[in-house]
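The values are calculated or read from the model by the stated rules, or taken from the named source; none is laboratory data. Worth saying up front: this structure is predicted, and the values here are computed from it rather than measured. Cβ coordinates were reconstructed from backbone atoms using ideal geometry, including for glycine residues, and neighbour counts include every protein chain displayed. Surface accessibility is based on the protein's heavy atoms, side chains included, excluding ligands, DNA and RNA. Shrake-Rupley method; radii C 1.70, N 1.55, O 1.52, S 1.80 Å.
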Amino acid sequence: MCFFPKSFFPFYQMSEFRQDIVSGDWVLLSPRRALRPNAFQKKRTIRKPSPKKDCPFEDLQKNGQWPPVIVYPNSEHWKIAVVPNKYPALTYGENGEHSTLFRHGIYQLRTAVGNHWLLITRDHNKHFAELSGGEAARVFEVFREAHEMNARDKSAAYVTSFYNYGAGAGASIWHPHYQVLSLPVIPAHTVHSIRGAREYFKKHGRCVRCDIIKAERRSGIRIVAENKHAFAFAPYASKKPFEVSVLPKRHWPSFRETPPEAMRDVALLLQSVLRAMKKHLGDPDLNFFIHDTPLNDRESRYHHWHIEVVPRVSTDAGFEFSTGIIINVVDPDVAAAVLRGKKPGKGPEVH
Ligand SMILES: [Zn+2]
Ligand SMILES: [Zn+2]
């Protein structure tokens, strides 16, 4: 059920980033998103597999999303296709259009020109955890190609990729799909994170995430899983219950510059984490996203790209909104033990 009549929204309006004059953070205003078939629907049932006959991704040509931007292995027998989103959060920069900064009284805004692509895997039901290892690694290679293409776009300052699993995590279509967006601004989350990494580097001469991997491997308490090139753990100050970080063990600032063997191990380890969540947490709705370094940023070398997996098992309430401080009701030490399939208990932590 729609809360507002659709005529309420100025669909003709271009997307724009408005800057909060106090915090400096950017907010994306995207009126066209309200046109999505399920926008504002109160009750969604998409965690039940939807019938194939109703699925817009079964015939991309008919859905007006063909030809694709990237296709693997070929158009006829495609297994992975990257296509433009029909309801983009940003405005596609057609005819070489770039993002422009405007003054708006005392405020400023930036036209939200950029790409909003969907990476679609062919099988209607196989979500990321159910793909074969080879298929999962291929998804990551296609993500890399999409990041490389967006990095060549002069308007882009940052490329983000993510996956919504379940209505509670924002997915509006059952068929497995991932999203890649190029933004003309660097998100506040990334700005804060890189600032912290730079400060740590200045003080200690080392990458903070390389040090975290070392410390977490030494203590063992918050390890969720690892393989040769990748590491997964519950962050010491997790903001959400059962949040997990997955990252390459070696220091790679940028996602798209990571060698294939490390990329493959990250994809496989991410699958293990998602399977553990399904098994031990009752298949929760969740998001995962690639936290990459900004494009063309001199500070970027301090960053160590990683993936954050956030199951949607809690809701922010008044305290979180009023303070910005998140109450997490699950100790990350316990979260890691649960995801390892062990009874929670204190191990020998080395400080
Ligand atoms: Zn489908
Ligand atoms: Zn590092």
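Screening Arg206 against (1) within 16 Å of ligand 2 (Cβ to nearest atom); (2) not in a loop (DSSP other than H, G, I, E, B) leaves a single unmet condition, (2). Residues in the stretch 159-170 that are on the phi < 0 side of the Ramachandran plot and open to solvent by 10 Å² or more (accessible area, probe 1.4 Å) were compared, and the one that is farthest from ligand 1 (Cβ to nearest atom) is Thr160.
Just one of the listed residues (Ile173, Ile186) is more than 16 Å from ligand 2 (Cβ to nearest atom), open to solvent by 40 Å² or more (accessible area, probe 1.4 Å) and more than 16 Å from the chain's Cα centre (by Cα), and it is Ile173.
For the stretch 111-120, check the following and say yes or no: at least one residue is within 16 Å of ligand 1 (Cβ to nearest atom) and under 16 Å from Gln271 (Cα atoms). No, the stretch 111-120 contains no residue that is within 16 Å of ligand 1 (Cβ to nearest atom) and under 16 Å from Gln271 (Cα atoms). Within the stretch 218-248, how many residues turn out to be among the aliphatic types (A, V, I, L, M), part of a loop (DSSP other than H, G, I, E, B) and touching a Phe, Trp or Tyr at 6+ places or on another chain (Cβ under 8 Å)? Residues that pass the stated criteria total 1. Counted as qualifying within the stretch 38-157 are the strands (runs of 3 or more DSSP E) with 2 or more residues that are open to solvent by less than 10 Å² (accessible area, probe 1.4 Å), namely 80-84, 116-121. Of all the criteria given as (1) open to solvent by less than 30 Å² (accessible area, probe 1.4 Å); (2) more than 16 Å from ligand 2 (Cβ to nearest atom), the one not satisfied by Ser193 is (2). Within this structure, Leu274 fails the test of being more than 16 Å from ligand 1 (Cβ to nearest atom), of a type outside the set (Lys, Arg) and under 24 Å from Leu183 (Cβ atoms).
Exactly one residue out of Ile212, Ile120, Ile194 is aliphatic (A, V, I, L, M), in contact with a strand residue (DSSP E or B) (Cβ under 9 Å, 6 or more places away or on another chain) and not assigned by TED's automatic domain parsing to the domain that holds Leu29: that is Ile212.
Helices (runs of 4 or more DSSP H) fully within the stretch 249-351 that include at least 3 residues being exposed (fewer than 15 other Cβ atoms within 10 Å of the Cβ) and small (Gly, Ala, Ser): none found. Restricting attention to the stretch 8-58, which residues are within 16 Å of ligand 1 (Cβ to nearest atom) and either among the aromatic types (Phe, Trp, Tyr) or at pLDDT 75 or above (or both)? Matches in the stretch 8-58: Pro49, Ser50, Pro51, Lys52, Lys53, Asp54, Cys55, Pro56, Phe57, Glu58. Among residues that are in contact with a Lys or Arg (Cβ under 9 Å, 6 or more places away or on another chain) and either on the phi > 0 side of the Ramachandran plot or away from ligand 1 (no atom under 16 Å from the Cβ) (or both), Ala188 is not included. Only one of the numbered conditions (1) within 30 Å of Glu261 (Cβ to Cβ); (2) free of Cβ contacts under 8 Å to residues at least 12 places away in the same chain is not met by Arg103, and that is (1).
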